[in-house]
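The values are calculated or read from the model by the stated rules, or taken from the named source; none is laboratory data. Bear in mind the structure is a predicted one, so any value in this text is a computation, not a measurement. Here the Cβ positions follow ideal geometry from the backbone for every residue, glycine too, while neighbour counts run over all protein chains shown.
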Amino acid sequence: MRDALSVLDEIDHRLAVISAIEKLCGDPGTDELHTLHPLVTQARWLFGPEFDSSEYASNITLRNAAEKVFGRRVSIEAFLNPRQRPDIMILADATCSVVGTEAFDGGEASLTRIQSVLIIELKKGDSTIGREEVNQATGYVQDFLGSGALDGTPMFRAFVVGHSIAPKTMRDLEIKDESVVRGRVQATTYGQLTRSAHQRLFRLKDKIDSARSRRTGGCGRR
């Protein structure tokens, strides 16, 4: 029973995050850099259950690779609060978060290598994502793959998030190396993120509410 209540509390918290994003993304007076963007980048579960893991984090290897990839576009000072959020960089028209997971390589030395990398680029203002923005994110992934700064051959997932997507813009692209998929770039909107998260959370909440109600004989949550 206590475990079910803990799960419900977490769901309630996530629903509150979704509600905040819905309000902030449509408010022209929102300080997106300091309110909306940190909120979204910390809520990785918005992008799918596969990213809902504390294992996703920034590390020195990723930081060095990011500095190399974005070095021509930003300075070291562009990293937002490097001690608190070393994964967030401030670009000219967006903020970008780069985190990853590690795993042992299975060799005799059992060394850790970066297994997967998640890139979240959040556009500012009433931004419209078009081909240029999608191509730019694709270039980021290609630059990371060719940087030589990463151990292993991680799988990249990149999301470009804005308020709208221009017509005839491809929303989902795969990046291949000799027919092997090495990365995927997806364009999405804040609205699509929150709608998808609502559907996932409400279905789960309904199931937990139903199970809890059966255990307590139909009594409501207190």
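Can you tell me how many residues in the stretch 115-150 are more than 17 Å from residue 90 (Cβ to Cβ) and assigned to a loop (DSSP other than H, G, I, E, B)?
7
Can you tell me which of 31, 9 is among the acidic types (Asp, Glu), closer than 16 Å to residue 95 by Cα, loosely packed, with under 12 Cβ neighbours inside 10 Å and without any contact (Cβ under 8 Å) to a residue 24 or more places away in the chain?
Result: 31 is the single residue among 31, 9 that is among the acidic types (Asp, Glu), closer than 16 Å to residue 95 by Cα, loosely packed, with under 12 Cβ neighbours inside 10 Å and without any contact (Cβ under 8 Å) to a residue 24 or more places away in the chain.
What are the residue pairs meeting all of these: first residue in the stretch 189-204, first residue more than 17 Å from residue 13 (Cβ to Cβ), second residue outside any helix (DSSP H, G or I) and of a type in the set (A, V, I, L, M, F, W, C), Cβ atoms under 6 Å, and 6 or more apart or on different chains?
Listed by first residue and then by second, the contacts come to nothing, as the list is empty.
Any idea which residue in the stretch 1-42 is modelled with the highest pLDDT, counting only those that are small (Gly, Ala, Ser) and part of a helix (DSSP H, G or I)?
20
Looking only at the stretch 199-222, count how many residues are within 21 Å of the chain's Cα centre (by Cα) and either at pLDDT 85 or above or among the basic types (Lys, Arg) (or both).
Here the count works out to 2.
To keep it simple, each residue is scored yes or no on (1) touching a Phe, Trp or Tyr at 6+ places or on another chain (Cβ under 8 Å); (2) modelled with pLDDT of 95 or more; (3) hydroxyl-bearing (Ser, Thr, Tyr).
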{"position": "136", "(1), (2), (3)": "no, no, no"}
{"position": "141", "(1), (2), (3)": "yes, no, no"}
{"position": "144", "(1), (2), (3)": "yes, no, no"}
{"position": "147", "(1), (2), (3)": "no, no, yes"}
{"position": "153", "(1), (2), (3)": "no, no, yes"}
{"position": "162", "(1), (2), (3)": "yes, no, no"}
{"position": "167", "(1), (2), (3)": "no, yes, no"}
{"position": "176", "(1), (2), (3)": "no, no, no"}
{"position": "184", "(1), (2), (3)": "yes, yes, no"}
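If residue 88 passes every condition in (1) of a type in the set (A, V, I, L, M, F, W, C); (2) modelled with pLDDT under 85; (3) more than 15 Å from residue 159 (Cα to Cα) but one, which one does it miss?
(3)
Find all pairs meeting these conditions: Cβ atoms under 8 angstrom apart; at least six residues apart or on different chains; first residue within the stretch 118-139 and closer than 22 Å to residue 59 by Cα; second residue basic (Lys, Arg) and modelled with pLDDT of 95 or more.
The qualifying pairs are 118/157; 119/157.
Any idea how many residues of the stretch 160-174 are part of a strand (DSSP E or B) and either among the β-branched types (Val, Ile, Thr) or in contact with an Asp or Glu (Cβ under 7 Å, 6 or more places away or on another chain) (or both)?
Total satisfying the criteria: 3.
Among the residues of the stretch 166-189, write down those that are surrounded by 11 or more Cβ atoms within 10 Å (Cβ to Cβ), among the basic types (Lys, Arg) and within 13 Å of residue 132 (Cα to Cα).
Of everything in the stretch 166-189, just one residue is surrounded by 11 or more Cβ atoms within 10 Å (Cβ to Cβ), among the basic types (Lys, Arg) and within 13 Å of residue 132 (Cα to Cα), namely 171.
Somewhere in the stretch 44-66, is a residue at pLDDT below 80 and not in a loop (DSSP other than H, G, I, E, B)?
No, the stretch 44-66 contains no residue that is at pLDDT below 80 and not in a loop (DSSP other than H, G, I, E, B).
Any residue in the stretch 71-81 that is at pLDDT below 80, buried (at least 16 other Cβ atoms within 10 Å of the Cβ) and part of a helix (DSSP H, G or I)?
So far as the stretch 71-81 goes, yes, one or more of its residues are at pLDDT below 80, buried (at least 16 other Cβ atoms within 10 Å of the Cβ) and part of a helix (DSSP H, G or I).
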